[in-house]
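Q: Let me begin by handing over the structure; questions about it come next.
What follows is calculated from the coordinates using simple rules that are stated; it is not laboratory data. Computed from a predicted model, the values in this text were never measured in an experiment. As a convention, Cβ positions derive from the backbone with ideal geometry for all residues, glycine included, and neighbour counts pool all protein chains shown.
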Amino acid sequence: MSDIVINIDGQDVKTQEGEFILNAARANNIFIPAICYLTRCSPTLACRICLVEADGKQVYACNAKAKPGMNITTSTEEIEKERRAIMEVYDVNHPLQCGVCDQSGECELQNYTLEMGVDAQSYAVKDVDRSAHDWGHLHYDPGLCIVCERCVTACKDMIGDNSLKTVARGGDALDAEFKESMPKDAYAMWNKLNKSIIGLTNGTDVLDCTSCGECAAVCPVGALVDTQFMYKSNAWELTRVPATCGHCSAGCQISYDVKHTSVANPEDKIYRVMNEWNYVSLCGAGRYGFDYQNTNVSRDEVAFTNALEAFKKADTINFTSTITNEEAYILQKLSDKFGYKLVNEEARSFQTFLKDYSEISGTTLYGSDLKESMNSNFIVSIGTAIKTDNPNARYSLNNSLTVNKGAALYFHPVADPIIDGLSKNILSINHKPLQEEIVLYLILDLFADKSQLPNEIVEYLASFHSMKSITVTETIKEKVVEIVKETKVNEETGEEEVVEVEKSKMVPKQVSKEVEVDDNRLLAMLGIEDGFDDILSKFMKKKDSFSLIVGPDLYNHPNSKNLARLVALVEKYSQFKLVMIPALTNTLGVAMINTLSSEAGTTTIGYNTKGDFILSALGNGDLDMPAINQQEGTLTSINKRVNPTNAALPYGGYTLNDIANALGVEAENTIDYTVELGSNPAFKAVEFDSLDDYYTNRGEEIRGYKLTPLSVEVSSNESVSKIDETLILEDDIIYLANPVRQFTDFTNKTENLDEVSGVYMSEEFLERSDYNEGDTVNIKTANGELSASIVSDNKIAGDIVILPTFDSKLNSEALVNGYRFTKASIQKV
Amino acid sequence: MMEQFNNRNISDNGYFLVDIVDYPTTGWGKFKRAIDRTFKLELFVGLWVVLREMIKFDIHTISYPEEKMPIGPRYRAVHEMKRLWESDTERCIGCGLCEKICISDCIRMDTRIDEESRKEVSEYTINLGRCIFCGYCAEVCPELAITHGGEYENASDQREHFVDYEAMLTPMDVMKQNAQKEFEGFGAITPHEDERVKKTPLAY
């Protein structure tokens, strides 16, 4: 897209060719009213209020594209009339219950009604029964709904669940007289509005989606409300605490809405989580999993003294990546001073993977981020259960598919109906576990620039190709001439006579012929069916930006070093831009800050995990620690951004910094270390209080700062080891992954995310096998065994059994040896 | 400009200036004033007035607390919560405007969803120790639910003195006797309101 200049209301505005006028105006702080449009989504054209005049013609600003030199007037007398009529229409039959509505004044219907100066109503239509629906975690009140379809658009274009649609409203048609008397657009908009209402696509009255609640967040009125929040509080009573979500590596900007608990209890409580939905979309865990704070903690001096004793005795600190950068930095300082071994296997594998990757790429960090994936139009995802590993990566994938008309290949052993349902332009390839290497070779084969790629690899890839002849049946049309006898009236004589007429017609005919085609054995190894080439060439049409998303399955793979090198080669020699999904909230931060050991010593301190002495923000350890929603600090996200987060709730106990102070690593506050993070050249030396946290109207993310990728010496050795075809897992396989809305023990602790822990099996698998939901099964692997009850999960498909990691009581991680898949024997108890 | 304020034509309107002697400024003047006050027995003039009126038994004050003055309908004393005439249900919808507008921050309420999916006030308190009886809560109330009542005897031995929803709500027996009083002060409907409302067209 090239830069152009357009003129809006006499103001010259720089924008890109093809950008929507509305976005160009917004980016330059020019106000054009709009209700149904969502930034990043495709225009809905439901409200028609963004009507503007472009070069003398009325167009909708949300879907008219900017052309060089365009002259736009945002308001004329005609347009004002339309807008006022539209707002009057929206107010027809709208219940006067603003006093109890959960939108409590943060209402776009109210705002625009006042903005357009609506002081009297001219229109009327008979109302239909619009009683409320309880859709599970959401409450829908069609009476309040203005059918702007923002919920439908968000669900389709951002989230990808496609759970909502417009359904028939029923009731009377509009009075014919209005067609003449009303402004044209207002009538057309009303005519459509009067016929529809929002309903569910699954035909029931209960939502069955990934429960992100984004539809309720984007609702401009109080029609869609989170059931848990309903009638709890007015918006104006809530204090908004800006923060970064602490559940996964996406690092979404959120705000915790905080108020006193009740009349009797003045303690602060989080009522809901809000987001800037034009720029960031949350998942269900981020939205509803907010109450994971460590409550009722006071300074327990005995426990603190014990902790200090334990630190004096210990030689190892075992920790998880659900900590802030500052805490990671304190741990590193303690380790430097007292020689503790820092053990965090999940972060260490990522650190190693990044290091192996850097040997070929020459940089310490992957080159791209999720925003770039979202703007690309061809995405390949490898080695991640993308829906649950990082919901934002899935939203990027979906947004690219739907809004950019993109295409995608999803390589993962676990079949996923949600991913398959995103678009018809996504192909899921459910290869066998441990075959990720083959997948990467396939990507190199399909997309790498062979003229640049090292010769050895080109030759190796060529060795998989052979020519084979196949029989193709084609339908061709053949011209057939036949002589038909017809009875005709002779014009001269007027008598009927039989004439022979020659007629030709095209007749379809099936022809089979032998064709020489290229046979790619890599495809066969992955179990990809014939016809892949056709699908791929269809997918590749008009594609110009490519994104590769890789995930945690690769970091723990027995051949992870080779995989890292292959990933680096794909990034280097193809057009793919690379994003890696860090497994947990701050895995990237920990991998950058800490020197991690692979072996634990004899005496360990556990921070949010096992140890001889346990520090825990979950409230179940020997000394309490604050949870992420009770801390100030920074978190490093998948987008390589260091994001600030604030304490939404007070915390009365000791922090890691208190322990460090007592041990002689001194700082007044934990956030004093934010500036010290800059001692690592990838980070910047910025004070916590000067970190920004907002989005501009242009959609730029002004949050914290971006990590600086460091150059490292590139080794000239770009060799990669060959495929070991025996490396494959078959038979009964378990996979470590979480159900939607769950990540860690912190999400498990929250009240609204009441996912049942157990062994997840797909519905189709349960149907085929003799297991039933609720049965207790014993799962045994080479590393250990556990017993748990079966939970039916319709968000997965196929035969692979999923074991969650969000419930540490289940101790599922003990069953595998790093790699998330493993063979298991499953027995009914 | 200032002249019109300074010249108020006092004598024209039946006002007159009281002849007040200037305060003495010299030492001798002050001495004279002291002597005058001591020996002229002006005090007894006042005492005689009191004694005279006492004997006449024509008393103008009322003997509180046996007697109480009637108070005006717009008097702003301790709050009341009104019920609907039609159904006897509570008028309060829990919108929270009173809580928001309260300038001394003495109103607090909790709301929740009730069995009929309606908003319900579960807890409501006013800290009368903080309340300045400004009447904003009654004025802002869209339902004429919270109003001021005539109950001004709310002395307390505590600085914090709370009144809750139940205590403010019109008792049912009062409703049965049709004895609920409408508040005529802040927030009440002004006369001829109906004539000023523009009707919304209806398709029925």
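Q: The range A:175-282: which GluC sites (Glu not before Pro) are DSSP loop and have at most 15 other beta-carbon atoms within 10 angstrom?
A: A:GLU267
Q: Under a 5 Å amide H to amide H cut-off, with H placed in plane at 1.01 Å, what residues pair with A:ASP519 once short-range neighbours are removed?
A: A:SER466, A:MET467, A:LYS468
Q: Between rounded, prolate and oblate, where does chain A land on the alpha carbon gyration tensor, with a ≥ b ≥ c its root eigenvalues, rounded for a/c under 1.5, else prolate if a/b exceeds b/c?
A: Here chain A falls in the oblate category.
Q: Can I ask one more? Exposed loop trypsin sites (Lys or Arg not before Pro) only (DSSP loop, at most 10 other Cβ atoms within 10 Å): please give the longest stretch of chain B free of them, not including the sites.
A: B:41-158
Q: DSSP beta bridges in the range A:355-580, what fraction antiparallel, as a percent rounded to 5?
A: Rounded to the nearest five, the antiparallel share is 55 percent.
Q: Distance between Cα centroids, the range A:379-405 to the range A:480-506: provide it in whole Å.
A: Computed from Cα coordinates, the inter-centre distance equals 64 Å.
Q: Tell me the label-point distance for the pair B:LYS68, B:GLU166, using the 7 Å Cα-to-Cβ offset, in nm and rounded to one decimal.
A: Output for this residue pair reads 2.3 nm.
Q: Just tell me, in residue order, which DSSP H segments of chain A are both 15 angstrom or longer along the helix axis (alpha-carbon based) and at least -1.0 in mean Kyte-Doolittle hydropathy.
A: Answer set is A:301-313, A:325-338, A:345-361, A:391-402, A:436-447, A:560-573.
Q: For the pairs A:LYS355/A:LYS706; A:LYS577/A:LYS640; A:LYS538/A:LYS795; A:LYS610/A:LYS684; A:LYS259/B:LYS82; A:LYS341/A:LYS823, flag any whose C-alpha to C-alpha distance is greater than 21 Å.
A: Beyond 21 Å: A:LYS538/A:LYS795; A:LYS610/A:LYS684; A:LYS259/B:LYS82; A:LYS341/A:LYS823.
Q: Rank these for me by crowding, A:THR776, A:THR636, going from fewest to most other beta carbons within 10 Å. Each step should come with its number before you reach the end.
A: Details: A:THR776 12, A:THR636 31.
With the fewest neighbours first, A:THR776, A:THR636 line up as A:THR776, A:THR636.
Q: Relative to a virtual label point 7 Å from the Cα of A:SER262 in the Cα→beta-carbon direction, which members of the range B:103-143 show backbone nitrogen distances below 14 Å?
A: Residues passing the 14 Å test: B:109-113, B:121-125.
Q: A follow-up question, please. Determine which aspartates and glutamates satisfy two conditions relative to A:LYS65: a Cα distance under 15 Å, and not lying fewer than 8 residues away in the same chain.
A: A:ASP3, A:GLU17, A:GLU19, A:GLU53, A:ASP55
Q: While we're looking at this one, here's another question. What pairs from A:LYS313/A:LYS333; A:LYS450/A:LYS722; A:LYS477/A:LYS513; A:LYS184/B:LYS198 go past 23 Å between their alpha carbons?
A: A:LYS184/B:LYS198
Q: How far is helix B:27-39 tilted off the main Cα axis of chain B, in degrees rounded to 10, range 0 to 90?
A: 80
Q: Please list, in order along the range A:638-650, the HN-Hα scalar couplings obtained from phi with the Karplus expression 6.51 cos²θ - 1.76 cosθ + 1.60 (θ = phi - 60°), rounded to whole Hz, x for Gly and Pro.
A: Those phi angles translate into 4, 7, 6, 10, 8, 9, x, 10, 10, 7, 7, 10, x Hz.
Q: Also, I was wondering about something else. For A:PHE31 and A:GLU763, compute 0.36 nm times the residue count separating them, minus their Cα-Cα distance, and round to one decimal in nm.
A: Full-extension gain reported as 258.5 nm.
Q: Enter the per residue convex hull volume of the range A:357-450, computed from alpha-carbon coordinates, in Å³ rounded to the nearest integer.
A: Roughly 114 Å³ of hull volume per residue.
Q: In addition: Antiparallel versus total DSSP beta bridges in chain A: what percent is that, nearest 5?
A: Once the DSSP bridges in chain A are tallied, antiparallel ones form about 65 percent.
Q: Mind checking which lysines have their Cα closer than 20 Å to the Cα of A:LYS488? Skip sequence neighbours fewer than 8 apart in that chain.
A: Within the straight-line cut-off, A:LYS488 pairs with A:LYS503.
Q: Which of the three applies to the range A:355-580, rounded, prolate or oblate, going by the alpha-carbon gyration tensor with a ≥ b ≥ c and a/c under 1.5 meaning rounded?
A: Prolate.
Q: Could you calculate the contour length gain from A:GLU514 to A:VAL5, that is, 0.36 nm times the residue separation minus the distance between their Cα atoms, to one decimal place in nm?
A: 177.6 nm
Q: Additional query: Which of rounded, prolate, oblate describes the range A:201-336, given a ≥ b ≥ c as roots of the alpha-carbon gyration tensor eigenvalues and a/c under 1.5 marking rounded, otherwise prolate only if a/b is larger than b/c?
A: On the way: a/c = 2.67, a/b = 1.81, b/c = 1.47.
Since a/c reaches 1.5 and a/b is larger than b/c, the shape of the range A:201-336 is classed as prolate.
Q: Starting from the Cα-Cα distance between A:ASP731 and A:ASP420, subtract it from 0.36 nm times their residue separation and give me the gain in nm to one decimal.
A: Separation in residues times 0.36 nm, less the Cα-Cα distance, equals 109.6 nm.
Q: Still on this structure, I have one more. Please compute the modelled spin-label separation between B:TYR152 and A:LEU96, points set 7 Å along Cα→Cβ, answer in nm with one decimal.
A: It is 3.5 nm.
Q: Once each part is reduced to its C-alpha centroid, what is the distance from the range A:768-829 to the range B:164-204 in angstrom?
A: 64
Q: Just going by the charge dipole of the range A:1-111, with Lys and Arg at +1 and Asp and Glu at -1 on Cβ, which of A:GLN97, A:ILE32, A:ALA64 is farthest out on the positive end?
A: A:ALA64
Q: Neighbour counts of other C-beta atoms within 10 Å: give me B:ASP36, A:ASP356 arranged from fewest to most.
A: Fewest-to-most Cβ neighbours within 10 Å comes out as B:ASP36, A:ASP356.
Q: Mind giving me the nanometre distance, one decimal, between the label points for A:THR471 and A:THR76, set 7 Å out from Cα along Cα→Cβ?
A: 6.8
Q: List the residues whose amide H sits under 5 Å from the amide H of B:HIS148, counting only those 5 or more places along or on another chain, with H placed 1.01 Å from N in the peptide plane.
A: Placed amide hydrogens put B:GLU80 under 5 Å from B:HIS148.
Q: Once the Cβ-Cβ distance between A:LYS313 and A:LYS355 is put in as r, and R0 is 30 Å, what FRET efficiency do you end up with, to the nearest 0.05?
A: Working from the Cβ atoms, E equals 0.40.
Q: Counting helices only, and only those DSSP H runs with n ≥ 4, report the 222 nm mean residue ellipticity of the protein assembly as shown as the sum of -39,500 (n - 2.57) divided by its residues, in deg cm²/dmol to the nearest 500.
A: After summing the helix terms and dividing by the residues of the protein assembly as shown, the value is -7000 deg cm²/dmol.
Q: So for A:ILE79, B:ILE59, fewest C-beta neighbours within 10 Å to most, what's the order? Spell out each step's value before the answer.
A: Details: A:ILE79 20, B:ILE59 9.
Lowest to highest Cβ neighbour count: B:ILE59, A:ILE79.
Q: If you line up the long axis of helix B:42-56 against the longest principal axis of chain B, both from Cα atoms, how many degrees apart are they, to the nearest 10?
A: 50
Q: Which FRET efficiency value, to the nearest 0.05, do you get for A:THR239 and A:GLU301 by plugging their Cβ-Cβ distance into 1/(1 + (r/R0)^6) with R0 = 41 Å?
A: So the FRET efficiency works out to roughly 0.80.
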